[in-house]
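The values are calculated or read from the model by the stated rules, or taken from the named source; none is laboratory data. The structure presented is a predicted model; accordingly, all values stated were derived computationally and were not measured. Cβ coordinates were reconstructed from backbone atoms using ideal geometry, including for glycine residues, and neighbour counts include every protein chain displayed. Side chains are part of the model used for accessible areas, which takes the heavy atoms of the whole protein and leaves out ligands, DNA and RNA. Shrake-Rupley method; radii C 1.70, N 1.55, O 1.52, S 1.80 Å.
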Amino acid sequence: MVANISSKNRTRPAGAFSEAATWHAFGTGWRPLWAGFQQQGFSVEWHDFQCESPLELAGSFHPNSVEICLNVDGHAEFDLAGRRQELPPGSATFYSAGREPLAARRLPQQRHQFVTIEISRDFLKRRFAETKTGLHPQIQNVLTDKKNVSVISEVRRLTTEQQRLIPTLQQSPVPLNGRGVWFESKVLELMSEFFFVTGKNEFFCERQRRVAGERVNKVIALLRENLVEPPDLLELGRRVGCSPFHLSRTFSQELGVTIPQYLRQLRMERAAELLLSGKFNVTEAAFEVGYSSLSHFSQAFCQTMGCCPNLYPLVKGSAPKAA
């Protein structure tokens with residue numbers, strides 16, 4: 001259900017901070033998934049609404065906290081000291097509203113769907129008391145700056161894992177008594193992704209690209225070592241440390257071909273080497289690279305190498321094939 005509000009309803013009574021009062025006009029368009037900010041130091045909320053005019057959000061920011069926004073749909077805008085930053089659909093950022101004014105708004109005539117994770121400064125200090133190396137500069141500012149300045153991080157694309165996490169947050173898969181621990185584990189997971197850099201000037205998005213390249217290279221090495229009986233996708237995912245779905249998508253994005261297509265290319269290249277050596281005939285070369293059907297091998301070889309395997313040594317001018 002999508003809530004629709006107008007500007008005349010967006011009021012909050014003066015006095016003590018109350019986020020519930022800020023979002024009251026949304027009805028079911030604002031749903032606390034875990035309301036543990038006061039007790040545990042963090043909360044998780046789901047938003048799904050439309051607004052008729054620009055919706056100012058700064059009034060919903062907890063004092064002395066950092067907020068991660070996983071933006072599924074709708075555009076948001078931030079402004080800090082004259083620096084304007086857009087948050088488009090399918091992206092994420094984190095920010096902290098301190099002494100400096102941090103303006104934030106949702107644009108009208110759009111459906112807005114996003115998750116916010118609000119983390120208190122005290123919770124951050126407890127978790128990072130012995131962890132200083134590699135912290136994002138903006139998080140270091142939040143933890144060490146006594147003037148309580150406002151910060152906003154770079155915008156990054158939502159990863160596949162983060163997109164899959166969002167509906168899980170809305171429907172927690174654990175019993176009620178275990179949800180505090182479960183939500184805390186998910187918050188800590190997101191903190192590790194957003195609040196650290198992996199090296200000098202290497203932010204999370206850069207780390208993602210590096211890790212993707214490393215995983216693809218490892219898959220290629222595993223396939224080269226096992227052309228006859230290659231690991232299936234499930235085993236490849238286990239060996240490189242990610243889900244089969246994510247590995248398949250990453251591999252295709254990095255190389256422009258699927259894992260089975262790349263495996264066939266490796267097999268045909270190896271078969272071509274065997275044929276050119278003059279020590280293997282077509283049948284033997286097919287078996288050496290994992291084909292039990294000579295017709296399937298010949299078809300794959302023709303499609304990959306441009307000629308049938310019987311003619312390949314002659315076309316390449318190699319030694320005659322074995323009898």
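Only one entry in Phe280, Phe301 is in contact (Cβ under 8 Å) with a residue 24 or more places away in the chain and open to solvent by less than 30 Å² (accessible area, probe 1.4 Å), namely Phe301. For segment 192-207, a tally of residues being out of contact with any strand residue (DSSP E or B) (no Cβ under 7 Å at 6 or more places or on another chain) and modelled with pLDDT of 70 or more returns 3.
The one condition from (1) surrounded by fewer than 16 Cβ atoms within 10 Å (Cβ to Cβ); (2) in contact (Cβ under 8 Å) with a residue 40 or more places away in the chain that Gln261 does not meet is (2). Answer yes if at least one residue in segment 169-177 is under 30 Å from Leu135 (Cβ atoms) and assigned to a helix (DSSP H, G or I), and no otherwise. Yes, segment 169-177 has at least one match. Of everything listed in (1) open to solvent by less than 20 Å² (accessible area, probe 1.4 Å); (2) within 30 Å of Arg164 (Cβ to Cβ), the single unmet condition for His246 is (1). Here Ala35, Ala58, Ala76 are screened, and the one residue that is touching a Lys or Arg at 6+ places or on another chain (Cβ under 6 Å) and either among the small types (Gly, Ala, Ser) or within 10 Å of Glu118 (Cβ to Cβ) (or both) is Ala76. Of all residues in segment 264-277, those satisfying the criterion of being in contact (Cβ under 8 Å) with a residue 24 or more places away in the chain and either touching a strand residue (DSSP E or B) at 6+ places or on another chain (Cβ under 8 Å) or more than 24 Å from Asp232 (Cβ to Cβ) (or both) are Ala272, Leu275, Leu276, Ser277. For segment 283-297, filtering for residues that are surrounded by fewer than 21 Cβ atoms within 10 Å (Cβ to Cβ) and touching a residue at least 60 places away in the same chain (Cβ under 8 Å) leaves 2.
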